[in-house]
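Here's the structure we're looking at; comments come further down.
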Amino acid sequence: MKEGKRNSHAKLLRTLCAVGMALCATVAHAKNQQPPRLVLQVTVDALRGDMPQRLLPNMGKGGFRYLFDNGVHYSNAHYEHANTETIVGHSSLATGTTPALHGMIGNVWFDKAAGRLVYNVEDERYHLLSKDADVDKSTELDPTQRVATADGRSPRALLTSTFSDELAYAYNGAARIFAVSVKDRGAIPLAGQTGKAFWFSKAAGQFITSSYYYPRFPQWVMSWNNSDPLAQYRGQSWELLKPQQDYLFSQQDEQAWETNFPGYGITFPHPWGGAADDKYFTTKLTLGPAGDQLVLEFAKTLIASEDLGQDAVPDYLSVSFSSNDYVNHLFGSSSLEAEDVLLQLDRTLADLFSYIDKTVGLKHTLIVLSADHGTPDAPPYLNQSGDQNASYYDMAACMQTVDAGVAQAFGDAQGLLGEFSHPYIYLDQAVIKAQKLDKKAVAQLAASLVEQCQGISAAIVTAGTGETSSLNPVVEKRVWNNYNPRRSGDIHVVLDSNVYVNDFDGLMVAATHGSPWNYDTFVPVFFAGYGLTKESVSRRVTPYDIAPTLSALLGIKPPSGSVGNPLDEVLAR
């Protein structure tokens, strides 16, 4: 269908709904109940479930406090998959299911057909729309993005539908669906196959998209990018929001384990730079509250330009804030920087909710806030606090030992272990076949040798053995929930609790996530707006419950692979 006809068709449907035609009634979730005009899904990258409550006494009005005081708070929400990385969590929020079904098993996986590592949302068929249409290589904290070899992005790697897709299908394309984030993988999954996604390119210094979504930039996007929104940060610094003595972690500035990113430092204030020769300026903006503020301003412009929430057809907007994740990597979750970035995000959320209230009305808006994963503390911080088992881990050394042991056991066969891409070891199938070896036997020996490395909790063979390990059954279930036969490796490696690799392609960071342990699976879940009232629920739930809850509330079918359950407290409003 041509773009003009599609827009005319959508406009007609929206008009019919606005005057109360039967189309709206067929998708309203209850008799005489109008659906929300806007579903606002907020994701805070790496927001562990205890963090909002821990810092609430120092927060203002209208942000997290609005959610606590006016919404349903689920205080015991955990993911049930093992590789708690950004694309995995965002895709699970979007689809209501585990990576075993939606297929996004990691930020990177080994493509067995292509014979190389691939980045989760790369797609050479759909080029970037940008003044600098190149693969973004400026993210020193994110080497996974440099794995992408294609100038292009799309959601085509998702294997199941999303809530936003089902909303589009239910309203025959009339619902407006958008997603915004600093990260491409923070926006693309939530927009699904049917919506539009925008993300911040550090290479271009602007918000971009791909030809999957548009043949060319909408005029409002061009105008926003051309307004030089980065100008306000040039020559400025990330300053503390409050006097330092008012912070819980006021004494945690300038710790030896913090990452001294070039030109950024490990003490306040952190300069953003912005001189003509500063190649890290746009990256530094994302390493603090400026990244979240840019996402906020772009999202507000999107809401106004696309008339979101202005009639009876429910629209959908996903806003994913990424700065908390980057700050936790650099400084750890129990740091002055981590505390301040959340206090400043609290003000950003208050601004967003206030803007929504003025333009759509919070009573017409259903807000859901959660996170893609939690985050650990930096091992040296835990050591300082008394936990002497916490440590950083040299996975390369373990792999060297295992590689040598496997080669020796199979007649000096070299190269049987192919790629290690967290958390998977991929065996080299071509070498195994050429040597006429049994894949299962190689996998089992390799796993047993991995488990002999100090710091390894378990190495679970996924290569068709069907065997279990001595790992805690709760954690092992999370491992299998992460397993997709098309993409997962032959052995899933689980490090000990509070032990993890902190080497990001040569940049040593304070903390990282991606484990099946509770500090990485624990996230908050809030529902607010749309007439909801205050309620705190301690029953264990999962973020997979969010998508089916939204579907049930709007009376539409859940995403195709959803395994979550609708949350009664939200439906009983």
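Each reported figure results from applying straightforward, stated rules to the coordinates on display, with no laboratory input. Only a predicted model underlies this, so the values are computations on that prediction, with no experimental measurement involved. Glycine gets a Cβ as well: all are built from the backbone with ideal geometry, and neighbour counts include every protein chain shown.
The calculated pair-distance distribution of the stretch 223-269 uses every alpha carbon pair, bins of 5 angstrom beginning at 0, and gives 4, 16, 20, 17, 16, 12, 7, 6, 1 percent. Calculated [222 nm] ellipticity per residue, helices only, for the chain: -9500 deg cm²/dmol; basis is -39500 (n - 2.57) per DSSP H run with n ≥ 4, divided by all residues, nearest 500.
Taken over the stretch 497-573, the alpha-carbon convex hull comes to 155 cubic angstrom per residue. Could you work out the relative contact order of the chain, using alpha carbon pairs under 8 angstrom and six or more residues apart, expressed as a whole percent? Value for the chain: 28 percent.
Taking the stretch 481-530 on its own, what percent of its Cα-Cα pair distances exceed 12 Å?
Roughly 75 percent, once rounded to a whole number.
For the chain, the Cβ-based charge dipole about the Cα centre amounts to some 2300 debye (Lys, Arg positive; Asp, Glu negative; other atoms uncharged). Dipole orientation for the chain: of the candidates 513, 71, 500, 71 has the Cα lying most toward the positive pole (charges on Cβ; Lys, Arg +1; Asp, Glu -1).
Label separation (residue 193 vs residue 277): 5.1 nm, computed from points 7 Å beyond Cα along the C-beta direction. Convex hull volume of the C-alpha atoms in the stretch 30-106, normalised per residue: 141 Å³. Taken as entire DSSP H runs, the helices of the chain that both span 20 Å or more between Cα atoms along their own long axis and average 0.5 or more on the Kyte-Doolittle scale are 289-305, 395-409. Here the translational diffusion coefficient of the stretch 349-426 follows from Stokes-Einstein with Rh set to the Kirkwood radius across Cα pairs; for 25 °C and 0.890 mPa s it amounts to 136 µm²/s.
Quick check on the exposure proxy: order 156, 540 from fewest to most C-beta atoms within 10 angstrom.
Least crowded to most crowded, the residues run 540, 156.
The tail of the calculated P(r) for the stretch 292-337 beyond 13 Å holds 65 percent of all Cα-Cα pairs. When only alpha carbons are used to place a centre, the stretch 76-113 and the stretch 261-289 end up 31 Å from one another.
Would you work out the charge dipole size for the stretch 349-447 about its Cα centre, treating the Cβ of every Lys and Arg as +1 and the Cβ of every Asp and Glu as -1, and quote it to the nearest 20 debye?
Once rounded to the nearest 20, the dipole reads 420 debye.
The packing ranking, built from the mean of other Cβ atoms within 10 Å per residue, places the peptides 516-526, 62-72 in the order 516-526, 62-72, highest first. When the convex hull of its Cα atoms is viewed from all sides, the chain shows a mean projected area of 25.6 nm². Model label points for residue 409 and residue 124, set 7 angstrom from Cα along the Cα-to-Cβ axis, are 3.7 nm apart. For the stretch 137-266, the equivalent ellipsoid derived from the Cα gyration tensor has semi-axes of 34, 18, 17 Å, listed largest first.
Peptides 503-510, 80-87, 305-312 ranked from most to least packed by the mean count of surrounding Cβ atoms within 10 Å: 80-87, 305-312, 503-510. Evaluated with a Cβ-only charge set (Lys, Arg +1; Asp, Glu -1), the stretch 164-306 carries a dipole of roughly 460 debye about its Cα centre, given to the nearest 20.
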